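Data block below; observations after.
The values are calculated or read from the model by the stated rules, or taken from the named source; none is laboratory data. Since the model is a prediction, treat every value here as computed from it, not as a measurement. Don't worry about glycine lacking a Cβ; one is built from the backbone with ideal geometry, like all the others, and counts go over all protein chains shown.
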Amino acid sequence: MTTKKKKYNIPKGFSLLQTTLKTPEFLKHPLNFITENMKNYGGTYSSSLGGSTLILTQDPAFISYVLKENQRNYQKAGFAVERAIKYIGNGLVFSDGDYWRRQRRLIQPSFHRQKIVDLGANVLKTIQDNLVDFPEGKQVDISPIVHELALKILIKSLFDIKISTETMNRFSTGFSAAQDFLIKDINNPLRRFLYPINGKEKKMMAVVDEIRGIFLDIIQERKKRKGEFSDMLDMLLNSRYEDNGESMTEAQIIDELMVFISAGHETTANTLSWILYLLAANPESQEKLYQLASEKPVESLAMDVYMQAVIQEGMRLYTTTWSTQRVAIEDDSFGEYSYPKGTVIVPFFFGLHRTEKLWENALQFRPERFIADGKLAKYKHYFPFGAGPRMCIGNHFALMEMAYFLGEFVKTFKIKSTGQLPETEAAITMSADKVVLEIVKR
């Protein structure tokens, strides 16, 4: 007796052969490629890749269904996550299942809004100290400078201790190298056949082990000292599992620290670079922000409606986490579509946040769209930090850090557009090849 094969209604899209032929085009510019296909297929389309079916969508209801309403039927996508765990660590961003749920419950209280506010003094001082040496000129590429500063802010927030310039440089070069290696490894799997010959993976793991070793030394030194410290490490060391009252192992803490830094400084730095680019091109918004920052204490800026609107609009236009992936654990359906377990759903946030049907004059920078009746407007079709239980745990910290930085920056400098249009580079996050601005001290 033969079993009847179940039929599914997969969205229209590309066959395996078509996907293979179009892969070079996709790798050259993923955002343009996906955006064009979203137009051609009405906002949702499929692609076959490596024996799996991918469904890419910028339908807000479909995205919400996968990330929120039926999130228990979805887990983080497989192979890329496995590689990220190998090079970065099995922290919250990459872990899954029961382990992820247990870690999330443990760490969540450490990221309560008030605890984040308590870190504000360290964040603000780091920003102020580093803006003193921020370069001025008619052609300044701010991107690498902002990235370096974002890393310093995060390291200082994690460890309220003096860290040498040499160690900071090792962190900076190490994390940059790990992320670059991971991107190339995922985009070109054939590279892995050469690792045993060229030794590149072995060298990369040596860099990762060195960073983990530095973290281990810091943790063990902290355990010897008494008293409380105003940093995230203290929060992690003092967290206890509900079921047995135990704390995380040193290896688990290092995994979380690796992911916090890798994901946290990259996304924030990219967003700040894009926002400065937008403010330079929109002098009225820049002047309004300057007046605001000049009149209010910097500590209150994170809650100011206009400051929040500027940040939200920047994240809308340049959604650093431009997409994510989820794998269906069991067969599922949404609307007219049905698909088997193992299907990979790819929410395309970048396209969603620029859809004219949902955002009037979608490509214009208009912070006011996020203000309604004097309060910050909320949209069901806006996912700058993801959604559901896996929403970015560091969102409050990121918003505070960006508000403090922008407030101090516009008080100190006036920025003008140079006419340069940054090229978007979409890898794990969306960055700019460079952001060249004219910077003058006020």
request  = State whether the residues of segment 350-362 include one that is under 27 Å from I153 (Cα atoms) and at pLDDT 95 or above.
outcome  = yes
task = Output yes when any residue across segment 377-390 is in a loop (DSSP other than H, G, I, E, B), over 27 Å from L54 (Cα atoms) and touching a helix residue (DSSP H, G or I) at 6+ places or on another chain (Cβ under 8 Å), and no when none is.
result = yes
task = Scan segment 8-35 for residues that are without any contact (Cβ under 8 Å) to a residue 60 or more places away in the chain and either part of a helix (DSSP H, G or I) or surrounded by fewer than 15 Cβ atoms within 10 Å (Cβ to Cβ) (or both) and report the count.
result = 16
request  = Filter segment 90-116 down to the residues that are of a type in the set (A, V, I, L, M, F, W, C) and modelled with pLDDT of 85 or more, then identify the one that is nearest to T321 (Cα to Cα).
outcome  = V93
note = Exactly one of D160, D209, D129, D185 is among the charged types (D, E, K, R) and either in a loop (DSSP other than H, G, I, E, B) or not assigned by TED's automatic domain parsing to the domain that holds K416 (or both), and that residue is D160
key: Set E284, E246, E242: member being out of contact with any helix residue (DSSP H, G or I) (no Cβ under 8 Å at 6 or more places or on another chain) and outside any helix (DSSP H, G or I)   = E246
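Say whether the condition of being in contact with a Pro (Cβ under 7 Å, 6 or more places away or on another chain), part of a strand (DSSP E or B) and in contact (Cβ under 8 Å) with a residue 12 or more places away in the chain is met by at least one residue in segment 414-436.
Yes, the conditions are met somewhere in segment 414-436.
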Test: K76 is surrounded by 14 or more Cβ atoms within 10 Å (Cβ to Cβ), at pLDDT 95 or above, under 30 Å from G351 (Cβ atoms) and of a type outside the set (S, T, N, Q) = no
message = I'd like to check something: does segment 400-412 contain any residue that is out of contact with any helix residue (DSSP H, G or I) (no Cβ under 6 Å at 6 or more places or on another chain), at pLDDT below 95 and either of a type in the set (D, E) or part of a helix (DSSP H, G or I) (or both)?
response = no
ask   = Which one of G264, G245, G227 is modelled with pLDDT under 90, within 25 Å of E425 (Cβ to Cβ) and not acidic (D, E)?
value = G264
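A quick yes/no check of all residues on (1) touching a Lys or Arg at 6+ places or on another chain (Cβ under 8 Å); (2) under 22 Å from T271 (Cβ atoms); (3) touching a residue at least 12 places away in the same chain (Cβ under 8 Å):
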| residue | (1), (2), (3) |
| --- | --- |
| V146 | no, yes, yes |
| A150 | no, yes, yes |
| S157 | no, yes, yes |
| T165 | no, no, no |
| N169 | no, no, no |
| K184 | yes, no, no |
ask   = Among the residues of segment 362-415, how many are among the hydroxyl-bearing types (S, T, Y), surrounded by 22 or more Cβ atoms within 10 Å (Cβ to Cβ) and over 22 Å from the mean Cα position of the chain (by Cα)?
value = 0
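Tell me the residue from L131, L124, L92 that is touching a Ser or Thr at 6+ places or on another chain (Cβ under 6 Å) and touching a residue at least 60 places away in the same chain (Cβ under 8 Å), please. Steps first, please.
Numbers: L124 fails: touching a Ser or Thr at 6+ places or on another chain (Cβ under 6 Å); L92 fails: touching a Ser or Thr at 6+ places or on another chain (Cβ under 6 Å).
From the options L131, L124, L92, the qualifying one is L131.
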ask   = Looking at (1) outside any helix (DSSP H, G or I); (2) within 22 Å of A362 (Cα to Cα); (3) of a type outside the set (S, T, N, Q), which is the one condition that is false for Y306?
value = (1)
key: Residue among K156, K184 that is under 21 Å from F397 (Cβ atoms) and basic (K, R)   = K156
message = Among the residues of segment 318-333, are any closer than 21 Å to G388 by Cβ, part of a helix (DSSP H, G or I) and either out of contact with any Phe, Trp or Tyr (no Cβ under 9 Å at 6 or more places or on another chain) or at pLDDT below 95 (or both)?
response = no
